[in-house]
1. Which one of the conditions (1) within 17 Å of the chain's Cα centre (by Cα); (2) part of a loop (DSSP other than H, G, I, E, B) does A:Val145 fail to meet, given that it meets all the rest?
2. Those residues that are within 8 Å of chain B (Cβ to nearest Cβ) and surrounded by fewer than 21 Cβ atoms within 10 Å (Cβ to Cβ), I need them from region A:127-136; list them, please.
3. Which residue pairs have Cβ atoms closer than 6 Å, lie 6 or more positions apart in sequence or on different chains, and pair a first residue in region B:12-24 that is free of Cβ contacts under 8 Å to residues at least 12 places away in the same chain and facing another protein chain (nearest Cβ under 8 Å) with a second residue that is loosely packed, with under 14 Cβ neighbours inside 10 Å and of a type in the set (Phe, Trp, Tyr)?
4. Go through region B:141-166 and give me each residue that's of a type in the set (A, V, I, L, M) and under 16 Å from B:Asp30 (Cα atoms).
5. Which is part of a loop (DSSP other than H, G, I, E, B) and either touching a Lys or Arg at 6+ places or on another chain (Cβ under 6 Å) or of a type in the set (A, V, I, L, M) (or both), of A:Ile125, A:Ile67, A:Ile58?
6. Quickly run through region A:93-120 and pick out the residues that are surrounded by fewer than 15 Cβ atoms within 10 Å (Cβ to Cβ) and small (Gly, Ala, Ser).
7. Filter region A:70-87 down to the residues that are at negative phi and within 9 Å of chain B (Cβ to nearest Cβ), then identify the one that is surrounded by the fewest Cβ atoms within 10 Å (Cβ to Cβ).
8. Let me spell it out: the conditions are (1) within 15 Å of A:Asn6 (Cβ to Cβ); (2) touching a strand residue (DSSP E or B) at 6+ places or on another chain (Cβ under 6 Å); (3) crowded, with 22+ Cβ neighbours inside 10 Å, and B:Ala124 meets all of them except one. Which number is the exception?
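The values are calculated or read from the model by the stated rules, or taken from the named source; none is laboratory data. For clarity, every value in this text was computed on a predicted model and none was experimentally measured. In this analysis, Cβ positions are derived from the backbone assuming ideal geometry, glycine residues included, and neighbour counts consider all displayed protein chains.
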Protein chains: 2
Amino acid sequence: MRKLSNAELERKSVDEFKKSDKTPLIIVLDNVRSLNNVGSVFRTADAFLIEAVYLCGITGCPPNTEIQKTALGATDSVVWKYFKTTLEAVEHCKAERCKVYAIEQAENAIMLNAFTPDANIKLAIVFGNEVKGVEQQVIDVSDGVIEIPQLGTKHSLNISVSVGIVVWDLAVKLGIGRRL
Amino acid sequence: MRKLSNAELERKSVDEFKKSDKTPLIIVLDNVRSLNNVGSVFRTADAFLIEAVYLCGITGCPPNTEIQKTALGATDSVVWKYFKTTLEAVEHCKAERCKVYAIEQAENAIMLNAFTPDANIKLAIVFGNEVKGVEQQVIDVSDGVIEIPQLGTKHSLNISVSVGIVVWDLAVKLGIGRRL
């Protein structure tokens, strides 16, 4: 099977991306330290036509050389906003009638594979700091917690990998396949 | 909802991991340059009880400080082997009766969301170099190509994110949820 050239992939221009219907999903980064992770999240958000990325607290913002290394230009297509605190971002999402879920390991969390999103309600998904995870006070004001079930020896996944897994899983459930 | 402490997660010890039934999946890394990516792949492989990671060509191997930074010890639990060339790794997989699929964008690729694995046949999934992707000659000897559908402006995802998406998608389809 012949590999396709980049030109054959017929990707969108930034203008076409801006005008496209988006996956009704906002990614909220709660004090993410690594700029490589932030850049990688932008690239994932671009691939799955995510509505916006909200960068909170110590999370770095574009333009930034380190973010650019992994975003590779995806900061031009994907809409982003900065909030001083993650709580402010969550309040903003709620005012926009999003349902807010934190990705964490908590009592009564719903396993990602068992979670069914309602396509008529926009989702905001909060991903936490590399060490501390999502702050408890952010969880307290969220509508729920979704957990990525893990069966090995380690306690968590890399944050950009978690974003990829959750966004892919939800985008498929929200019918991204219908657009292909 | 109260966050769980690491102790409450009741993760496996390395010994328990070694003795556990594995997800029938081998990850093959075809000349992956970034040691951060390699480490992150180990962490994902640990989380989803992957059978083995095959490191090929220029792909770095443990023990390595850069791999350790993102693997965080997952190189102790996950089985790995090194092959001088990816073609050798693929031959080895075929001798072990695996079906071999490359993750690429190619003519007649199957979209990941449309791909249904057969739980009775072990899969080997080849992920390519950050710039070049999977080599054409590796694709030529594979049983098929699986594509992660992407709708944005960029041509590809970060390789550790791609591994996360594909491993999660296949692990769920292979029934990882039944063990939770």
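1. Tallying (1) within 17 Å of the chain's Cα centre (by Cα); (2) part of a loop (DSSP other than H, G, I, E, B), A:Val145 fails exactly one: (2).
2. Selection gives A:Gln136 alone.
3. If the second residue must be loosely packed, with under 14 Cβ neighbours inside 10 Å and of a type in the set (Phe, Trp, Tyr), no pairs are left.
4. Taking region B:141-166 first, the residues of a type in the set (A, V, I, L, M) are B:141, B:145-146, B:148, B:151, B:157, B:159, B:161, B:163, B:165-166.
Of everything in region B:141-166, those that are of a type in the set (A, V, I, L, M) and under 16 Å from B:Asp30 (Cα atoms) turn out to be B:Val141, B:Val145, B:Ile146, B:Leu157, B:Ile159, B:Val161, B:Val163, B:Val166.
5. Working: A:Ile125 fails: part of a loop (DSSP other than H, G, I, E, B); A:Ile67 fails: part of a loop (DSSP other than H, G, I, E, B).
Sole residue among the options that is part of a loop (DSSP other than H, G, I, E, B) and either touching a Lys or Arg at 6+ places or on another chain (Cβ under 6 Å) or of a type in the set (A, V, I, L, M) (or both): A:Ile58.
6. Matches in region A:93-120: A:Ala95, A:Ala114, A:Ala119.
7. First, the residues of region A:70-87 that are at negative phi: A:70-71, A:74-87.
Among the residues that remain, those that are also within 9 Å of chain B (Cβ to nearest Cβ) are: A:70-71, A:74, A:76-78.
On the way: A:Thr70: 22, A:Ala71: 27, A:Ala74: 26, A:Asp76: 14, A:Ser77: 24, A:Val78: 27.
Ranking the candidates gives A:Asp76 first.
8. B:Ala124 satisfies all of (1) within 15 Å of A:Asn6 (Cβ to Cβ); (2) touching a strand residue (DSSP E or B) at 6+ places or on another chain (Cβ under 6 Å); (3) crowded, with 22+ Cβ neighbours inside 10 Å except (1).
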